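Right, one structure below, let's go through it.
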Amino acid sequence: MSSNTIVVGIDGRDDCENAIRWGAAEAAARGGQLHLVHAFVWAEFKVPHGASDIAPGLRAQADRIVADAVELARKFEPGLTVTGRRVDGFPSAVLLAESRDADLIVIGSRVTGRLLGLVVSSSGTELSAHAHCPVVVVRPTEDALAGSRVVIGYDGSRPADAAVDFGLDHARRHGLSARIVAVLDDADDDDHDLLAGVREHALADDTELIEVTGHPSELLLEWSADAQLLVVGSRGRGGFAGLVLGSVSQTMLHQSLCPVAVIPHAAIEGPA
């Protein structure tokens with residue numbers, strides 16, 4: 001049963017502010033609640049957690065991070081139910097556990113280097129691959145919240161089917177147009193049968209459907225420039241095969257110009 005809870009992973013960095021903003025806005029749009037989680041990694045190491053000559057109280061500092069994040073979320077969305085807590089453990093393990101009861105996990109990325117590329121932590125990549133609910137990775141800059149449509153990658157796989165459902169639902173909820181990018185394989189005669197369902201989806205929702213061959217990275221990146229959200233499945237067939245762990249996933253997660261929603265295989269109900 002859905003808990004109608006959006007979970008945002010926080011770490012005290014300035015670049016997670018837009019993740020909090022995005023998560024708060026989404027929780028409000030869903031009529032749900034926001035839960036902010038800070039993974040306290042120092043519990044995994046043999047260091048003093050209280051006030052000492054080494055640090056002015058690591059647990060107190062972590063609790064301050066949570067309190068500040070809760071206050072910020074309430075400023076973004078007054079009236080929204082917001083909770084927060086510190087959880088001992090590494091970020092990937094903590095957020096994977098949270099994903100079992102959440103509707104959505106939201107994490108941030110940060111800008112680095114001269115070319116302003118995005119850095120998505122290894123824990124973020126693992127979460128995108130194995131979480132039990134959809135995962136959204138948000139850009140740290142203001143334009144992460146701009147855009148006029150939802151772009152959805154589709155290749156006929158079960159995670160891609162879930163991506164279409166997620167993306168169209170998001171578009172309807174926020175009054176956005178949607179564009180489905182369907183990947184065809186010239187060598188696969190079954191592609192037309194696989195795409196029959198999504199064509200019906202597109203007609204029913206007045207959604208733009210674009211059919212392409214090969215790897216869709218360049219098109220998805222180009223169309224992410226004026227999108228509010230890019231949605232893909234974590235693993236698929238054809239152009240999206242190995243999405244999270246392969247080069248295509250690195251391109252999407254690190255170079256997309258808008259937030260990226262990934263639908264992990266574990267988030268799909270029923271047997272694989």
Worksheet item: So how far apart, in nm, are the two label points at E200 and T81 if each is 7 Å from Cα heading toward Cβ?
Response: 3.7
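Can you work out the FRET efficiency for the pair S3 and V41, with r the C-beta to C-beta distance and R0 = 22 Å, to the nearest 0.05?
0.30
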Worksheet item: If you add up the charges near S3, with Lys and Arg at +1 and Asp and Glu at -1, over every other residue whose beta carbon is less than 13 angstrom from its beta carbon, what do you get?
Response: -1
Worksheet, complete the sentence: Per the 1/(1 + (r/R0)^6) rule, R0 = 30 Å and r from the Cβ atoms of T213 and S177, FRET efficiency to 0.05 is 0.80
Discussion item. How far apart, in nanometres, would the label points at T141 and D165 be if each is projected 7 angstrom from Cα along the Cα-to-Cβ direction?
Written reply: 3.5
Discussion item. Let me check something: with ligands and nucleic acids excluded, how do F40, F76, F166, F90 order by accessible area (1.4 Å probe), largest to smallest?
Written reply: F90, F76, F166, F40
Fill in: Efficiency of FRET from Cβ geometry, A29 and R100, R₀ 30 Å, rounded to 0.05
0.85
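The values are calculated or read from the model by the stated rules, or taken from the named source; none is laboratory data. If you're wondering where the values come from, they're calculated on a predicted model, not measured in any experiment. Glycine gets a Cβ as well: all are built from the backbone with ideal geometry, and neighbour counts include every protein chain shown. Note: accessible area is taken over every heavy atom of the protein model, side chains too, but ligands, DNA and RNA are not part of it. Shrake-Rupley method; radii C 1.70, N 1.55, O 1.52, S 1.80 Å.
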